[in-house]
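Structure first, commentary second.
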Amino acid sequence: MKEIEIILREKEIRQNAEICGTITVNYTGRYDSVVLNTQILDSNELMVFTSCNGKKMSSQSSRLFISKDVMPDNKAEFTATISFEPKKRHEVKFRASIIEQHKEIESDVLFASYS
């Protein structure tokens, strides 16, 4: 069992389609938060997070910070979108990290495709 795990509903992402995912923390030690970073490889474009745990994001951000205080059962659900029109297929990297006192303790990486 991983200490932190990212799961996406779909690993094939389409333009303007809602990307739905879950982060699960199985880490038994102390931690403050989880950070989810994304990168669209071979591109300068960004993914934008639209909600976390059912709550709409007030500002558009390509990095998601989730305090442990808002992670019931050590889980967080998120939604995001990518709006640019791809001219070719891109790999999208998702990287979730457990943070304790400004240090990364554990991380998980997941790749999806965008076309």
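The values are calculated or read from the model by the stated rules, or taken from the named source; none is laboratory data. Computed from a prediction, not measured in an experiment: that's the story for all the values here. Every residue, glycine as well, gets a Cβ built from its backbone with ideal geometry; the counts of neighbours run over all protein chains shown. SASA here: full protein model, heavy atoms, side chains in, ligands and nucleic acids out. Shrake-Rupley method; radii C 1.70, N 1.55, O 1.52, S 1.80 Å.
Quick look at the values:
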| quantity | calculated |
| --- | --- |
| The range 1-26 and the range 29-59: distance between their alpha carbon centers, rounded to Å | 11 Å |
| Per residue Cα convex hull volume in Å³ - calculated over the chain | 105 Å³ |
| Charge tally in the Cβ shell below 14 Å around Asn53, where Lys, Arg are +1 and Asp, Glu are -1, Asn53 excluded | +1 |
| Table column - 3J(HN,Hα) (Hz), the range 74-91, Karplus curve with 6.51, -1.76, 1.60, x for Gly and Pro | 6, 10, 9, 10, 9, 10, 7, 9, 10, 9, 6, 7, x, 8, 8, 6, 10, 8 |
| Cβ-derived FRET efficiency at R0 35 Å, Ser58 paired with Lys88, nearest 0.05 | 0.55 |
| Protection proxy ranking of 28-35, 53-60 - average other beta-carbon atoms within 10 Å, highest first | 28-35, 53-60 |
| Fraction of accessible area attributable to carbon and sulfur, the chain (%, probe 1.4 Å) | 44 percent |
| The chain, relative contact order [Cα under 8 Å, separation at least 6], % | 37 percent |
| All-pairs alpha carbon distance profile, the range 1-49, 5 Å steps from 0, percent | 5, 14, 23, 24, 15, 11, 7, 2 |
